[in-house]
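Q: My questions all concern the structure below.
The values are calculated or read from the model by the stated rules, or taken from the named source; none is laboratory data. Here the structure is a predicted model, which means the values were calculated and not measured. A quick note on method: Cβ atoms are made from the backbone with ideal geometry, for glycine too, and the neighbour counts reach across all protein chains shown. The protein model used for the area step is the full one, side chains on, heavy atoms only, and it has no ligands, DNA or RNA in it. Shrake-Rupley method; radii C 1.70, N 1.55, O 1.52, S 1.80 Å.
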Amino acid sequence: GVARNDTYNLYLAYYLGWSAYGRGNRGDAGVQNYARATDQMARDYATQLRQCGS
């Protein structure tokens, strides 16, 4: 039940496994930092992609 554009939670679910994620496990601070960094990277790429189309 994670939205396709929710990079942060998709990363957590992938890293932790769908079962652990479904039980509410969100990992430790290090995993959450990587998830935030992945989310920011996805946002940066989306911005770059939009600029290419202009």
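Q: Dipole size in debye (nearest 20) for the chain around its Cα centre, Lys and Arg Cβ +1, Asp and Glu Cβ -1?
A: About 100 debye.
Q: Then there is this: If you compute Kirkwood radius over Cα pairs in Å for the structure shown, which of (1) 11.9; (2) 13.7; (3) 13.0 do you land on?
A: Label of the calculated value: (1).
Q: Given 0.36 nm per residue, what is the gain on full extension from D44 to V31 after removing their alpha carbon distance, in nm?
A: Value of the extension gain: 2.7 nm.
Q: Let me ask you something else. Rounded to the nearest whole Å², what accessible area per residue is found for the chain with the 1.4 Å probe?
A: 78 Å²
Q: In whole percent, and with a 1.4 Å probe on the protein chains, what portion of the accessible area of the chain is carbon and sulfur?
A: Reported share for carbon and sulfur atoms: 51 percent.
Q: Sorting Y11, Y34 by accessible area (1.4 Å probe), largest first, what list results?
A: Y34, Y11
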